[in-house]
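The next block holds one structure in the form of structure tokens; read it before the comments.
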């Protein structure tokens with residue numbers, strides 16, 4: 001008999017037995033009632049099992065004791081019936097195991113959605129009457145560590161149209177002290193226009209050197225060609241990236257750059273200056289060119305140079321090149337690549353969850369939770385909704 005059929009039959013026996021036993025529940029305490037229910041169900045199941053195995057030289061063979069955790073105290077002993085050849089396995093135990101797994105799945109889901117381990121423990125207690133410790137909740141999250149580590153070492157595609165790089169800062173414990181550390185996140189757009197998480201790492205600080213080390217990791221995991229790397233304006237990032245992907249274009253985040261400039265402008269000038277600065281980077285129509293963008297920068301300097309000459313040095317022709325790379329790509333994809341906003345949307349999802357944790361006791365706890373959040377986001381968003389505007393992406397070759 002198939003296992004699924006036996007489970008359905010066992011469930012029917014549960015309802016019948018429960019109906020009969022509830023009539024006598026007043027004569028039993030909770031643990032006695034549970035023991036009687038389970039033992040009767042397993043005896044009925046063994047009887048049904050032996051009926052279906054007539055002529056196969058199997059018979060009842062007593063029982064053996066086994067301890068289980070109960071709802072009201074640490075444990076109770078139940079007699080498990082067995083058959084002569086030892087093949088009979090009560091599916092009642094399987095149902096109990098499944099129920100426990102459902103509770104664990106719910107606990108992990110709540111934790112992944114941003115609840116603290118303390119809150120998860122309280123909710124499970126309120127809804128199921130069964131305690132689940134904070135340590136158990138954390139251990140369930142730790143179960144993802146092996147999965148994450150396998151993911152970290154898997155081979156990647158040889159080609160990505162674009163990868164986005166960004167870091168967020170989270171409080172982490174090392175030794176006896178707590179400090180904000182950088183969580184490095186990279187994701188890429190594949191040839192089929194779906195998005196994929198490529199890298200998730202923790203380092204005490206963010207630096208171009210560390211980004212270079214992580215790009216080298218991508219190379220070792222099989223990534224041979226990246227057309228474009230989008231990142232913020234971290235100093236020397238481009239030089240580090242070019243060491244490992246010399247053919248890749250670099251696009252620095254325009255939104256970050258505009259914020260940097262605006263923070264140096266007097267409040268009374270901000271509104272007008274912001275409009276002029278926005279005009280410089282508004283290059284999203286088919287007639288826009290890098291040359292025209294540089295002309296707009298000259299106009300900005302002519303207007304504001306006497307007041308903010310030092311600030312506008314950041315827009316020198318040499319320093320601004322990596323902020324204008326997007327103009328060389330089709331208009332359909334420019335808004336998707338001129339900023340790191342798309343990866344920052346992902347980072348917001350991570351922050352939303354980790355803000356309930358205050359701090360993390362070790363690096364793996366942080367990475368495990370961040371990995372779960374990102375994989376949920378990947379399944380529910382990236383895999384469902386490819387970035388269709390990337391169908392206009394020009395397919396470069398290494399020699400182009």
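The values are calculated or read from the model by the stated rules, or taken from the named source; none is laboratory data. Predicted model only: the values in this text are computed from it and were never measured. Note that each Cβ is placed from the backbone with ideal geometry, even for glycine, and that neighbours are counted across all protein chains shown.
Overview of results
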| quantity | calculated |
| --- | --- |
| Residue within region 244-258 that is assigned by TED's automatic domain parsing to the domain that holds residue 370, surrounded by 21 or more Cβ atoms within 10 Å (Cβ to Cβ) and under 19 Å from the mean Cα position of the chain (by Cα) present | no |
| Hey, residue 334 surrounded by 18 or more Cβ atoms within 10 Å (Cβ to Cβ), within 26 Å of residue 185 (Cβ to Cβ), touching a strand residue (DSSP E or B) at 6+ places or on another chain (Cβ under 8 Å) and modelled with pLDDT of 95 or more or not | no |
| Selection status of residue 274, free of Cβ contacts under 8 Å to residues at least 24 places away in the same chain and surrounded by 13 or more Cβ atoms within 10 Å (Cβ to Cβ) | yes |
| For residue 172: the one exception among (1) touching a helix residue (DSSP H, G or I) at 6+ places or on another chain (Cβ under 8 Å); (2) at pLDDT 90 or above | (2) |
| Among residues of region 324-336, those that are in a helix (DSSP H, G or I) and either under 12 Å from residue 283 (Cβ atoms) or not assigned by TED's automatic domain parsing to the domain that holds residue 377 (or both), counted | 7 |
| Yes/no for residue 314 being in contact (Cβ under 8 Å) with a residue 40 or more places away in the chain, closer than 30 Å to residue 199 by Cα, under 38 Å from the mean Cα position of the chain (by Cα) and assigned to a helix (DSSP H, G or I) | no |
| Filtered residues of region 261-271 (kept if closer than 19 Å to residue 296 by Cα and touching a residue at least 40 places away in the same chain (Cβ under 8 Å)) | 261, 265 |
| Residue, surrounded by the fewest Cβ atoms within 10 Å (Cβ to Cβ), within region 175-195, restricted to residues that are in contact (Cβ under 8 Å) with a residue 60 or more places away in the chain and more than 20 Å from residue 353 (Cβ to Cβ) | 192 |
| Filter result for the condition that a residue is more than 22 Å from the chain's Cα centre (by Cα), assigned by TED's automatic domain parsing to the domain that holds residue 170 and under 30 Å from residue 203 (Cα atoms), over 321, 349, 383, 299 | 321 |
| Residue 348 exposed (fewer than 15 other Cβ atoms within 10 Å of the Cβ) and more than 21 Å from residue 166 (Cβ to Cβ) | no |
| Qualifying position, being in contact with a helix residue (DSSP H, G or I) (Cβ under 9 Å, 6 or more places away or on another chain) and closer than 17 Å to residue 338 by Cβ, among 311, 280 | 280 |
